[in-house]
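Q: Here it is: the structure, laid out below.
The values are calculated or read from the model by the stated rules, or taken from the named source; none is laboratory data. Note that the coordinates shown come from a computational prediction; the quantities given were computed from them, not determined experimentally. Backbone-built Cβ (ideal geometry, glycine too); neighbour counts: all protein chains shown. Each accessible area value is taken on the protein alone, full model and side chains, heavy atoms only, with ligands, DNA and RNA left out. Shrake-Rupley method; radii C 1.70, N 1.55, O 1.52, S 1.80 Å.
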Amino acid sequence: MTKKMNVNDFYGIDKPSPLGQEKPVVSVSQLNRYVTRVLSEQIDVLWIKGEISNFIQSAAGHWYFTLKDDHAQVRAVMFRGKAVSVDFRPQNGMEVEVFAQVTLYEPRGDYQLQVWQLRQSGLGNLHETFLRLKDKLEKEGLFDARRKKPLPSFIRTVGIITSLGAAALQDVLTAIRRRAPYMRIIIYPSLVQGKEAPQSLINALSQVKERQEIDVLLMVRGGGSIEDLWAFNDEQLAREIDQFPLPVVSGVGHETDFTITDFVADVRAPTPTAAAELVSVTTEAWQNTISHYLQRLYRAFTHQEQTYIMRLDRASHRLISPQQRLQQWFEKTQFLHQRLEKNIHQQLKDNALLLNQEVRALQQNRPDITVLRHQVESLEKRLYRSLPQQIIPKQEKIKQYTYQLIRLMPRLWQYKQSQLEAKKASLYAYNPRAILQRGYSITYDEQMKVVRQAKQLQKGQTLQIELGQGRVNVCVLDADN
């Protein structure tokens, strides 16, 4: 507490008036200003308890009310900048505690409280406990949005944890039956207020987890004081909700009420009714959704149909009839047949020419027996005339040999003729066309190259086989390499 102030201090007078001298006269404004200064310097900011009455909220958002008890009252004001931090709506008759500065409203000379903080009476410790737990769980990540489970796109069965006698239960049932009568509702009774409520809520969660019969879970309770809602600020309950396998929707209290359950739940609804509306899609909405998807499906089918029609049209232009395909193969066969005949005739012609050349060569080399015979006879005569008489018998013997040689010439001719025929037969045997006549064949690939080894072939390859009479196209079914 500061020292007692003197009015002269207010006026800036260094010395007090002499004894017996009249004190200075001050105006009302000066007095009120002086009192304001005294209040601000002599009285610290403090907590004050009382009951709210005559509560008014101005258009600017400032709160004006009277704080009273059984024996006295004082005006109070809480400006909008401070009022927005209050997490509940003040009501007339509500017991509160205010952290305020004692001031004087100088224009009217009314002394009032300028409120900085406002809380419900007796809840200071609970509120601090709430904030500490909230800060602890938030640091552990229990409120992280990445841990939140999304609501199912289609909910068939909804579970509700609440008190059977709660008005909030009737609000939830009414909302769901009105919006989504097709939904199945299962209620898991539990205490929602009092010391036994947290454990009762945890037991209800265990029952839901064990039965596994719902798609989403609602935890609801109507509004009330912080003591009434304190069961939903339990740490163990918060951890059970965090580990719960199904999506949990919290609808506890009014829109301005916040509990730990709201922060740790997957979805927070401002009221129980709002929680019911979050999980209940109306029949009209489903009909609109189905209609939307039917339109999308129709457009997709139409587009797919048009695509296949265009593909079919393009394919039909490339498709030829079996008759045209047969005609193409017939023309190709005719061409190959003509080509084969031409090649055979050319081969025969070439072989005939080669044979004629060989015959002419043999004929040119054939000796003229008549000329040689006359020569022999001439030589015999000359020899006979020139030989002595004793050699004549030998001459007869030479003539005899000569006649024998003449007789052997046809046989020699016949032997040479048979050799010639054997050469001709051998030449004809080496003719590839003659080999084909004996049952052999020649295999060609697509480039008309002769195939000599099986390892040259591949499965599915088209080949052409030349036979003794004609050609045929085949397909390789298996290549044994």
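Q: Residues of region 457-478 being surrounded by 14 or more Cβ atoms within 10 Å (Cβ to Cβ) and either touching a residue at least 60 places away in the same chain (Cβ under 8 Å) or in a helix (DSSP H, G or I) (or both), which ones?
A: Matches in region 457-478: 464, 466, 471.
Q: I've got another one for you. Would you check if there is a residue in region 405-426 being in contact with a helix residue (DSSP H, G or I) (Cβ under 8 Å, 6 or more places away or on another chain) and more than 26 Å from residue 350 (Cβ to Cβ)?
A: yes
Q: If residue 413 passes every condition in (1) modelled with pLDDT of 75 or more; (2) open to solvent by less than 70 Å² (accessible area, probe 1.4 Å) but one, which one does it miss?
A: Failed condition: (2).
Q: Here's another thing I want to ask about it. Anything in region 117-135 that is surrounded by fewer than 13 Cβ atoms within 10 Å (Cβ to Cβ) and at pLDDT 85 or above? List them, or say none.
A: Answer for region 117-135, where residues must be surrounded by fewer than 13 Cβ atoms within 10 Å (Cβ to Cβ) and at pLDDT 85 or above: 131, 132, 135.
Q: Moving on to the next point. Could you check, for region 283-292, whether at least one of its residues is of a type outside the set (D, E, K, R) and in contact (Cβ under 8 Å) with a residue 12 or more places away in the chain?
A: So far as region 283-292 goes, yes, one or more of its residues are of a type outside the set (D, E, K, R) and in contact (Cβ under 8 Å) with a residue 12 or more places away in the chain.
Q: Restricting attention to region 432-471, report how many residues are among the β-branched types (Val, Ile, Thr) and either in contact with a helix residue (DSSP H, G or I) (Cβ under 9 Å, 6 or more places away or on another chain) or more than 23 Å from residue 346 (Cβ to Cβ) (or both).
A: Adding up the residues that qualify gives 3.
Q: Scanning for something open to solvent by 70 Å² or more (accessible area, probe 1.4 Å) and closer than 18 Å to residue 256 by Cβ, does region 101-116 turn up at least one residue?
A: no
Q: Residues to consider are 276, 231; find the one that is open to solvent by less than 50 Å² (accessible area, probe 1.4 Å), assigned to a helix (DSSP H, G or I) and within 21 Å of residue 151 (Cα to Cα).
A: Exactly one of 276, 231 is open to solvent by less than 50 Å² (accessible area, probe 1.4 Å), assigned to a helix (DSSP H, G or I) and within 21 Å of residue 151 (Cα to Cα), namely 276.
Q: How many residues are without any contact (Cβ under 8 Å) to a residue 12 or more places away in the chain, open to solvent by 90 Å² or more (accessible area, probe 1.4 Å) and closer than 25 Å to residue 209 by Cβ when one looks only at region 137-178?
A: Number satisfying all stated conditions: 2.
Q: Answer yes if at least one residue in region 342-354 is surrounded by 11 or more Cβ atoms within 10 Å (Cβ to Cβ), under 37 Å from the mean Cα position of the chain (by Cα) and at pLDDT 85 or above, and no otherwise.
A: Checked against the condition, which is being surrounded by 11 or more Cβ atoms within 10 Å (Cβ to Cβ), under 37 Å from the mean Cα position of the chain (by Cα) and at pLDDT 85 or above, region 342-354 yields no hits at all.
Q: I would also like to ask the following. Among (1) part of a loop (DSSP other than H, G, I, E, B); (2) free of Cβ contacts under 8 Å to residues at least 40 places away in the same chain; (3) over 19 Å from residue 151 (Cβ atoms), there is one condition residue 240 misses while meeting the rest; what is its number?
A: It fails just one condition, (1).
Q: Select from region 228-283 the residues that are polar (S, T, N, Q) and in contact with a strand residue (DSSP E or B) (Cβ under 8 Å, 6 or more places away or on another chain) and list them in ascending order.
A: Of everything in region 228-283, those that are polar (S, T, N, Q) and in contact with a strand residue (DSSP E or B) (Cβ under 8 Å, 6 or more places away or on another chain) turn out to be 250, 259, 261, 271, 273, 280.
Q: Which of the residues belonging to region 179-201 are part of a loop (DSSP other than H, G, I, E, B) and open to solvent by less than 70 Å² (accessible area, probe 1.4 Å)?
A: 180, 183, 190, 192, 194, listed by residue number.
Q: As an exercise: evaluate residue 76 against (1) of a type in the set (A, V, I, L, M, F, W, C); (2) more than 60 Å from the chain's Cα centre (by Cα); (3) surrounded by fewer than 18 Cβ atoms within 10 Å (Cβ to Cβ) and give the number of the one condition it does not meet.
A: Tallying (1) of a type in the set (A, V, I, L, M, F, W, C); (2) more than 60 Å from the chain's Cα centre (by Cα); (3) surrounded by fewer than 18 Cβ atoms within 10 Å (Cβ to Cβ), residue 76 fails exactly one: (3).
Q: In a helix (DSSP H, G or I), in contact (Cβ under 8 Å) with a residue 60 or more places away in the chain, within 41 Å of the chain's Cα centre (by Cα) and buried (at least 17 other Cβ atoms within 10 Å of the Cβ): does that describe residue 204?
A: Spelling it out, it is not the case that residue 204 is in a helix (DSSP H, G or I), in contact (Cβ under 8 Å) with a residue 60 or more places away in the chain, within 41 Å of the chain's Cα centre (by Cα) and buried (at least 17 other Cβ atoms within 10 Å of the Cβ).
Q: Still on this structure: Mind counting the residues in region 429-481 that are touching a Cys at 6+ places or on another chain (Cβ under 8 Å), under 16 Å from residue 336 (Cβ atoms) and not polar (S, T, N, Q)?
A: Summing the residues that are touching a Cys at 6+ places or on another chain (Cβ under 8 Å), under 16 Å from residue 336 (Cβ atoms) and not polar (S, T, N, Q) in region 429-481 gives 1.
Q: Please enumerate the residues belonging to region 239-268 that are surrounded by 24 or more Cβ atoms within 10 Å (Cβ to Cβ) and not β-branched (Val, Ile, Thr).
A: Listed by number, the residues that qualify are 250, 251, 253, 265.
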